[in-house]
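Scroll down for the structure; my scribbles are underneath it.
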Amino acid sequence: MTTQQDSASRAILEGTVVRSTGSWYSVLPDGKDEIVESRARGRFRLQQEEIPETNPLAVGDRVSILMGDDGTGFITDIHPRRNQLSRRAAGRKVGKEHVIAANVDAALCVQATFLPKFNAGFVDRFLVMAEAYHLDAGLIINKVDLLDDEPKAQEAIMFWKDLYEELGYSVLMTSAISGMGVQELGDALSGKTSVVSGPSGVGKTSLLNAIEPELNLTTGEVSEKTQKGKHTTTFATLHQIAGGFVVDTPGIREYGVWDMDPEELGGYFVEFRPFIGHCRFPDCTHDHEPGCAITEAVDEDQISAERYASYLNILASLRDGVKDVGR
């Protein structure tokens with residue numbers, strides 16, 4: 001091989017991480033259609049031990065790669081992130097931050113009507129983190145077809161739909177079975193990089209397949225006994241879909257709020273904002289202090305009791321420094 005050929009084969013390319021397995025990273029170079037499987041510099045691993053993150057690289061990260069002779073890449077640089085969406089790490093890595101995705105425009109929380117049942121605590125934690133990272137956030141309520149013969153369940157779901165819409169969040173009712181809301185979801189994803197996240201079994205993957213059948217992503221079933229889904233998405237993956245990019249995340253049963261002081265939390269509940277600053281004490285945490293404008297607003301039904309209960313649950317977990325289980 002000539003020197004010129006060798007130089008070309010080892011060109012530096014810039015691209016986006018579209019899949020991370022922890023040891024290899026799939027990178028889509030700018031202006032190209034073929035993925036380059038890449039490894040990371042050892043120094044990134046060393047840095048990981050020094051910072052409170054479980055993953056030095058996440059899907060959506062912009063990187064520079066050095067092309068090798070065998071067609072694989074070597075990640076030489078991680079570009080600064082515009083933003084990120086994170087949660088508290090679970091399992092053996094409790095106490096660290098797990099970055100779900102980087103450089104995203106919108107965050108959509110997916111819940112099912114039931115199988116598994118709607119989890120408002122998960123939704124509220126997700127929305128808090130989206131507010132903290134200044135991301136446009138919305139809610140997708142999937143499996144609407146299951147409500148046809150369940151009037152009581154339908155009433156409960158409509159309660160949550162109305163509540164979140166009144167707070168200013170977009171709520172889209174969908175069904176991958178009937179096709180309801182699929183076109184609207186595709187339109188909402190167009191031209192953006194969006195995170196689509198929710199517990200296993202809520203139908204995230206089925207919805208993405210309904211929008212873009214060529215994806216042919218693997219779907220799973222939900223146990224009627226445990227009301228929990230099986231994990232079918234093992235690693236977060238960035239898919240090109242509907243004229244945009246979607247981060248399909250592994251099913252998350254717990255969504256722990258990360259890196260937030262208890263005093264900050266109230267500012268990320270959008271309905272609290274008109275009342276914050278009117279409490280008797282400037283450092284009020286809105287749970288026990290006298291003269292609290294937030295608790296007065298709850299008593300006067302200006303803030304919903306359900307959302308206030310979520311606030312108290314998250315506040316307790318932040319104070320204790322323990323895993324926030326999102327239930």
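Some points to look at:
- Filter result (buried (at least 16 other Cβ atoms within 10 Å of the Cβ), part of a helix (DSSP H, G or I) and not β-branched (Val, Ile, Thr)) within region 132-152: ALA132, LEU146, LEU147
- Matching residues in region 263-292 - criterion: being under 15 Å from GLU131 (Cβ atoms), without any contact (Cβ under 8 Å) to a residue 40 or more places away in the chain and crowded, with 16+ Cβ neighbours inside 10 Å: PHE272
- Residue count for region 76-87, restricted to those that are crowded, with 22+ Cβ neighbours inside 10 Å and touching a Lys or Arg at 6+ places or on another chain (Cβ under 9 Å): 1
- Residue within region 156-170 that is among the basic types (Lys, Arg), assigned to a helix (DSSP H, G or I) and touching a helix residue (DSSP H, G or I) at 6+ places or on another chain (Cβ under 9 Å) present: no
- Residue list for region 176-219, filter: under 22 Å from GLY60 (Cβ atoms), touching a Lys or Arg at 6+ places or on another chain (Cβ under 8 Å) and either free of Cβ contacts under 8 Å to residues at least 12 places away in the same chain or in a loop (DSSP other than H, G, I, E, B) (or both): GLY198, PRO199, SER200, VAL202
Bear in mind these aren't lab numbers, they're just calculated from the coordinates by the rules spelled out. As the structure is a prediction and not an experimental result, all values here were calculated from the model. Note that each Cβ is placed from the backbone with ideal geometry, even for glycine, and that neighbours are counted across all protein chains shown.
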